[in-house]
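Q: I have a structure I would like to understand better, so I am pasting it below and will then ask my questions one at a time.
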Amino acid sequence: MQVSERGTTMEQLNEMQLKTVETQLKELFPQSQQCQVMQVSERGTTMEQLNEMQLKTVETQLKELFPQSQQVYGYIFQMNRVMADPIQVFVDHWPEFNVILCKPPYEKEGDLFKDTCVFTKDEASFRNILGENNIIDWTKFLCLGTSLCYEEMVMAVASERKVPVNKVSVCHMMMLQDPSRLPPVESAIESMISSLDESHSDIVNKTWKFGNTENSFQMIRSMIRHYPSCCVLDAESQQPIAWVLTYPSSAMGMLYTLQEHRGQGLAKALVSSMSRRLYSQGFPVYCFVEEENTLSYSLYTNLGFTEDPQYRAAWFDFNSL
């Protein structure tokens, strides 16, 4: 408590109370909009949650920091335009930040499957955030997406905390700057292209490399509901035979063609169609391709996607499910 000369008191909120008051303040917009939510560690490190206005400002700032900031930028781009599953965005300082952390609130079953994504200008600041208890819950499953250059530091923090860690994936980040060079889609295939709907969540989930669980099903259904998708429908069954989705980070992903329909150019047509659609709506047009997936890498390269050869994205699992 802080007590004034006249006996007025000000009570400092704890972590649970901060989460409660965040919900209460939403009901009092716009007057309450500038009230900031902080996550404070035992050692006093703070992470400030960005409000609606700050999210718009930081979106512009992050464009100047590509490619390292691309994924965090993609999350914030979506948040500024789409009312979807909530993601909390924290910075270590505002407006001169060193670390931005995009973190889904873990409120219901399936939320743990969602990634926490970090962009940083400074490895020491990043390490400091990972070293805190009240910013990341190290007792639960966590999938962390960041630059591969921080692998050694991330592994060291996990070792210090005696938390099991696994490097899940290392990817090329492929970006499309000029969609005008994309090849035209054959008219026969174009007539079969549509968007996925929620009834298609199960087939996407069963064929996704990291899917086929109830948690991943919930995430995929939310992606189909909120973000752009593209598929080729079978003429007879009207069921999807090939598809590509958009992640909450705005990246294209889960590109897949059923085995019996491969070799017909469906993936090429879907990527071309989806890229034009995203570009026309102002989305960043990019994707992640695992290093060992040479077939997809060739597909995107041949369609005009490029990468920064010095940059790799990586995902790390802690306390694997």
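The values are calculated or read from the model by the stated rules, or taken from the named source; none is laboratory data. It should be emphasised that the depicted structure is a prediction, and the values quoted were computed from it without experimental measurement. When we count neighbours, we look across all protein chains shown, and the Cβ atoms used for this are built from the backbone with ideal geometry, even at glycine. Surface areas here come from the heavy atoms of the whole protein model, side chains and all, with no ligands, DNA or RNA. Shrake-Rupley method; radii C 1.70, N 1.55, O 1.52, S 1.80 Å.
Q: Mind listing whichever residues of region 224-240 are surrounded by fewer than 20 Cβ atoms within 10 Å (Cβ to Cβ), under 28 Å from the mean Cα position of the chain (by Cα) and either part of a helix (DSSP H, G or I) or among the small types (Gly, Ala, Ser) (or both)?
A: Residues satisfying the conditions are 225, 226.
Q: Given (1) crowded, with 18+ Cβ neighbours inside 10 Å; (2) over 22 Å from the mean Cα position of the chain (by Cα); (3) part of a loop (DSSP other than H, G, I, E, B), identify the lone condition not met by residue 196.
A: It is condition (2) that residue 196 fails.
Q: Related question: Can you pull out the residues in region 283-309 that are over 21 Å from the mean Cα position of the chain (by Cα), assigned to a loop (DSSP other than H, G, I, E, B) and without any contact (Cβ under 8 Å) to a residue 12 or more places away in the chain?
A: Let us first name the residues in region 283-309 that are over 21 Å from the mean Cα position of the chain (by Cα), namely 292, 294-295, 298-299, 301-304, 309.
Applying the additional criterion that residues be assigned to a loop (DSSP other than H, G, I, E, B) yields 292, 303-304, 309.
Of everything in region 283-309, those that are over 21 Å from the mean Cα position of the chain (by Cα), assigned to a loop (DSSP other than H, G, I, E, B) and without any contact (Cβ under 8 Å) to a residue 12 or more places away in the chain turn out to be 292, 309.
Q: Here's a follow-up. Looking only at residues that are among the aromatic types (Phe, Trp, Tyr) and closer than 18 Å to residue 193 by Cβ in region 273-288, which one is most open to solvent (accessible area, probe 1.4 Å)? Reasoning before the result, please.
A: Of region 273-288, the ones among the aromatic types (Phe, Trp, Tyr) are 279, 283, 286, 288.
The next check asks that each one be closer than 18 Å to residue 193 by Cβ; those that pass are 279, 283.
Working: 279: 116, 283: 26 Å².
Ranking the candidates gives 279 first.
Q: Let me confirm something: among 211, 131, which residue is touching a helix residue (DSSP H, G or I) at 6+ places or on another chain (Cβ under 9 Å), small (Gly, Ala, Ser) and under 21 Å from residue 99 (Cβ atoms)?
A: Details: 211 fails: under 21 Å from residue 99 (Cβ atoms).
None of the others qualify; the one that does is 131.
Q: Oh, and also: Can you name the number of the only condition in (1) open to solvent by 60 Å² or more (accessible area, probe 1.4 Å); (2) over 19 Å from the mean Cα position of the chain (by Cα) that residue 163 fails?
A: Going through (1) open to solvent by 60 Å² or more (accessible area, probe 1.4 Å); (2) over 19 Å from the mean Cα position of the chain (by Cα) one by one, residue 163 breaks only (1).
Q: Quick check on my filter: what residues within region 72-100 are open to solvent by 10 Å² or more (accessible area, probe 1.4 Å) and of a type in the set (Val, Ile, Thr)?
A: 82, 87
Q: Among 208, 243, which is open to solvent by 30 Å² or more (accessible area, probe 1.4 Å) and within 24 Å of residue 290 (Cα to Cα)? Give the derivation first.
A: Details: 243 fails: open to solvent by 30 Å² or more (accessible area, probe 1.4 Å).
It is 208.
Q: Kindly indicate whether residue 250 is on the phi > 0 side of the Ramachandran plot, of a type outside the set (Asp, Glu) and within 16 Å of the chain's Cα centre (by Cα).
A: Numbers: on the phi > 0 side of the Ramachandran plot: yes; of a type outside the set (Asp, Glu): yes; within 16 Å of the chain's Cα centre (by Cα): yes.
Yes; evaluated as a whole, the condition is true for this residue.
Q: Hey, another quick one. Those residues that are open to solvent by less than 30 Å² (accessible area, probe 1.4 Å), of a type outside the set (Ser, Thr, Tyr) and outside any loop (DSSP other than H, G, I, E, B), I need them from region 246-272; list them, please.
A: Of everything in region 246-272, those that are open to solvent by less than 30 Å² (accessible area, probe 1.4 Å), of a type outside the set (Ser, Thr, Tyr) and outside any loop (DSSP other than H, G, I, E, B) turn out to be 252, 253, 254, 266, 267, 269, 270, 271.
Q: I'd like to check which strands (runs of 3 or more DSSP E) are fully inside region 63-152 and have at least 3 residues that are of a type in the set (Val, Ile, Thr) and free of Cβ contacts under 8 Å to residues at least 60 places away in the same chain. Show your work before the answer.
A: Working: elements: 88-91, 99-103, 116-120, 142-147.
So the answer is 116-120.
Q: Let me ask something else about it. Would you be able to tell me the number of residues in region 122-147 that are surrounded by fewer than 16 Cβ atoms within 10 Å (Cβ to Cβ), over 25 Å from residue 94 (Cα atoms) and among the aliphatic types (A, V, I, L, M)?
A: 0
Q: Can you tell me which residue among 109, 160, 152 is modelled with pLDDT of 95 or more and either farther than 17 Å from residue 315 by Cβ or acidic (Asp, Glu) (or both)? Reasoning before the result, please.
A: Working: 109 fails: modelled with pLDDT of 95 or more; 160 fails: modelled with pLDDT of 95 or more.
152 is the lone residue from the list that is modelled with pLDDT of 95 or more and either farther than 17 Å from residue 315 by Cβ or acidic (Asp, Glu) (or both).
Q: With the condition kept exactly as written, say whether any residue in region 36-49 is modelled with pLDDT of 60 or more, touching a strand residue (DSSP E or B) at 6+ places or on another chain (Cβ under 8 Å), in a loop (DSSP other than H, G, I, E, B) and at negative phi. First the steps, then the outcome.
A: Step one: list which residues in region 36-49 are modelled with pLDDT of 60 or more, which gives 46-49.
Filter again for touching a strand residue (DSSP E or B) at 6+ places or on another chain (Cβ under 8 Å), leaving 46-49.
With in a loop (DSSP other than H, G, I, E, B) added as a condition, the list becomes none.
No, because not a single residue in region 36-49 is modelled with pLDDT of 60 or more, touching a strand residue (DSSP E or B) at 6+ places or on another chain (Cβ under 8 Å), in a loop (DSSP other than H, G, I, E, B) and at negative phi.
Q: Starting from residues that are among the aliphatic types (A, V, I, L, M) and not in a loop (DSSP other than H, G, I, E, B), keep the ones in region 174-193 and report whichever is surrounded by the fewest Cβ atoms within 10 Å (Cβ to Cβ). Lay out the reasoning, then the answer.
A: Of the residues in region 174-193, the ones among the aliphatic types (A, V, I, L, M) are 174-176, 182, 185, 188-189, 192-193.
With the extra rule that they be not in a loop (DSSP other than H, G, I, E, B), the set shrinks to 174-175, 188-189, 193.
Details: 174: 22, 175: 18, 188: 10, 189: 18, 193: 19.
Per the stated criteria, the residue is 188.
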